[in-house]
Amino acid sequence: MLSKWGCVSVSRTKDQQYYQEKSIAARQDVLVFFSPPWFTAFERSYFWVGGFKPTFVFKLLDDSSVEDLTEEQEREVQQIKSKTRREERKLDDTMARIQETLAISPPLLSLMRRFGDHSQLSELDSGETELLTAMLVALENADALRGKAARGLMEILSPIQTVKVLTAAAQLHLKVRRCGLQWDQRTATTTT
């Protein structure tokens, strides 16, 4: 039988493994993580720098029936939330610079022409390589911030409160997936 933190520990371990594998895969093809084809269009509409926005975990706290936060917990949650928002804004600025580069950079057209042909990735020029590297760094920083926000929240909450938030996250993920699949199916049906 798992200890009172066992379930949470297993979840954290799985998340760490996911982000390690994601980082390895992103080094091979960072572009796919900004618009993953295995997600529905509806799921991708929730994306922010290759995943959920870090402050989203605090919204889950509000929506997860965790009503027994102590004043100390509320204060600590607000501190982490504020710090996370500041770090999100820095990443927003970084992504804005990357997007500006994409909009005015000749390497973009070349990269778009070759996007489907991964055999040519080794032939990228320095501008394209710098752009992809900047995207990779932004993705890794966003993933680190997502993990930091989630870990910070879990450290504040009791095991029961944490399980409620993790349950709310899983339920939301499944609902968004289901809605996205239904939307895609309906769209495919109406276009044929």
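Contact map, region 19-34: residues that are under 21 Å from Ala96 (Cα atoms) and in contact (Cβ under 8 Å) with a residue 60 or more places away in the chain paired with residues that are surrounded by fewer than 16 Cβ atoms within 10 Å (Cβ to Cβ) and polar (S, T, N, Q), Cβ distance under 9 Å, separation 6+ or inter-chain. Pairs shown: Val30/Thr133.
In this structure, Arg97 does not qualify as out of contact with any Lys or Arg (no Cβ under 9 Å at 6 or more places or on another chain) and modelled with pLDDT under 90.
Here His173 passes the criteria (1) without any contact (Cβ under 8 Å) to a residue 12 or more places away in the chain; (2) buried (at least 21 other Cβ atoms within 10 Å of the Cβ) except the one numbered (2).
Would you confirm, using the coordinates I've provided, whether Val32 is assigned to a helix (DSSP H, G or I), β-branched (Val, Ile, Thr), modelled with pLDDT under 90 and surrounded by 12 or more Cβ atoms within 10 Å (Cβ to Cβ)?
Here the answer is yes, as Val32 does meet what is asked.
The number of residues in region 133-170 that are hydroxyl-bearing (Ser, Thr, Tyr) and either in contact with a helix residue (DSSP H, G or I) (Cβ under 7 Å, 6 or more places away or on another chain) or in contact (Cβ under 8 Å) with a residue 12 or more places away in the chain (or both) comes to 2. Residues that are without any contact (Cβ under 8 Å) to a residue 40 or more places away in the chain and either among the hydrophobic types (A, V, I, L, M, F, W, C) or surrounded by fewer than 12 Cβ atoms within 10 Å (Cβ to Cβ) (or both) within region 178-192 comprise Gln185, Arg186, Ala188, Thr189, Thr190, Thr191, Thr192, listed in sequence order.
Scanning region 136-170 for residues that are open to solvent by less than 20 Å² (accessible area, probe 1.4 Å) and among the β-branched types (Val, Ile, Thr), we see that the one that is farthest from the chain's Cα centre (by Cα) is Thr162. Return yes when Ser65 is over 20 Å from the mean Cα position of the chain (by Cα) and open to solvent by 50 Å² or more (accessible area, probe 1.4 Å) and no when it is not. Taking the combined requirement at face value, the residue satisfies it.
The values are calculated or read from the model by the stated rules, or taken from the named source; none is laboratory data. Keep in mind it's a predicted model, so treat the numbers as computed, not measured. A quick note on method: Cβ atoms are made from the backbone with ideal geometry, for glycine too, and the neighbour counts reach across all protein chains shown. The area values use the complete protein model at the heavy-atom level, side chains included, leaving out ligands, DNA and RNA. Shrake-Rupley method; radii C 1.70, N 1.55, O 1.52, S 1.80 Å.
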